[in-house]
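Here is the structure we will look at, set down as structure tokens.
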Amino acid sequence: MYVTIPKEHAETTPAVPLESACVKCPEARLKAGSYVYFEGDPVVWLYQITTGVLRLTRLLEDGRRQVIAFGYPGDVVGFPAGGLHHTDCEVLVDARLQPYRRSALENGEGDPKLHQELLQAALREISAMQDHFMMLGQKSALEKVASFLCILSDRVGQDVAGHRQVDLPMSRADIADFLGLTTETISRTFTQLRKSETIAIDNIHTIIILRPKALLALSLGDRGR
């Protein structure tokens with residue numbers, strides 16, 4: 001999952017398994033804290049997330065970390081770059097993954113339908129990545145955090161007691177490394193949103209969106225609502 005520009009009438013689509021005419025490999029079941037693959041490993045498998053949350057990261061030459069994306073149910077991770085994985089992939093929440101051989105992406109001889117669906121998933125990832133980079137370069141810290149919460153709300157939020165609730169399995173440092181901010185800025189921005197009664201913080205991993213229209217307006221740069 002990348003953070004893109006939120007839309008006022010975002011359509012939520014359920015996580016749908018990729019269609020395959022071939023017998024599927026058994027699901028992989030991984031515990032939180034384990035790794036699916038490491039940067040530089042040869043790509044043999046692609047994985048569609050059935051349940052759980054993944055974190056994709058890279059280390060810069062100076063040792064700093066960049067969170068590239070978070071993987072949620074329905075996402076496909078592991079697309080190759082020159083035949084290799086270009087990120088580490090760690091499990092944040094116990095996950096079930098459906099493996100597909102890399103060859104299913106690169107040729108459609110065995111299963112043309114699966115080949116087409118994997119290709120479309122790769123193209124969607126490229127488009128979302130471009131939108132994410134634009135967001136990183138153009139938005140303020142408040143707009144980035146508001147966008148992050150809006151996208152998560154649309155994607156995995158739940159309606160609880162008349163409000164939208166969003167679980168954050170990632171740490172504040174993860175969010176900072178994802179949005180190109182510092183951990184202190186993330187904490188300060190959450191506090192700002194809480195004091196304005198746009199959100200409530202139930203606990204460190206649970207955000208309740210009290211005023212979704214105001215949060216959306218902030219994500220789009222309109223602070224007057």
The chain, accessible surface, carbon-and-sulfur percent (1.4 angstrom probe): 52
For the stretch 17-91: rounded, prolate or oblate by the Cα gyration tensor [a/c cutoff 1.5]: prolate
Local electrostatic count at Q66 - Lys and Arg +1, Asp and Glu -1, tallied over other residues with Cβ under 9 Å: +2
Where GluC sites (Glu not before Pro) in DSSP loops with at most 11 other Cβ within 10 Å are excluded, longest remaining stretch of the chain: 110-196
Cα shape, the stretch 161-201, gyration tensor, a/c 1.5 rule: oblate
Whether the stretch 143-182 is rounded, prolate or oblate, judged on the alpha carbon gyration tensor where a/c under 1.5 counts as rounded: prolate
Two-site label geometry, T51 and Q66: point separation in nm, points 7 Å out along Cα→Cβ: 3.4
Euclidean distance between Cα centres, the stretch 22-94 to the stretch 130-207, Å: 22
Point-to-point label distance, K113-D222, nm (Cα→Cβ direction, 7 Å offset): 4.3
For the stretch 42-157, with +1 on Lys and Arg beta carbons and -1 on Asp and Glu, the positive-most of M129, H86, F70 along the dipole: F70
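What's the magnitude of the charge dipole for the chain around its Cα centre, counting Lys and Arg as +1 and Asp and Glu as -1 at the beta-carbon? Answer in Debye, nearest 20.
Rounded to the nearest 20 debye, it is 640 debye.
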M134 accessible area, 1.4 Å probe, all protein chains in place, Å² to nearest 10: 100
Positive-end residue, the chain charge dipole about Cα centroid, Cβ charges, pick of L46, A146, I175: A146
The stretch 125-225: Cα Rg divided by the 2.2 N^0.38 Å rule of thumb: 1.01
Per residue, the convex hull volume that the Cα atoms of the stretch 78-129 enclose (Å³): 100
Histogram of C-alpha separations across the chain, 5 Å bin width, %: 1, 7, 13, 18, 19, 16, 12, 8, 4, 2, 0, 0
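Accessible area per residue, 1.4 Å probe, Å², for the stretch 112-194: what's the number?
Each residue of the stretch 112-194 exposes 47 Å² on average to a 1.4 Å probe.
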Candidates L168, L59, L114, ranked by Gaussian network fluctuation over the chain, Cα under 10 Å, top entry: L59
Structure-based [θ]222 nm, the chain - -39500 (n - 2.57) summed over DSSP H runs of at least 4, per residue, nearest 500: -10500 deg cm²/dmol
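The values are calculated or read from the model by the stated rules, or taken from the named source; none is laboratory data. The structure presented is a predicted model; accordingly, all values stated were derived computationally and were not measured. Cβ atoms come from the backbone with ideal geometry, glycine included; neighbour counts cover every protein chain shown. Side chains are part of the model used for accessible areas, which takes the heavy atoms of the whole protein and leaves out ligands, DNA and RNA. Shrake-Rupley method; radii C 1.70, N 1.55, O 1.52, S 1.80 Å.
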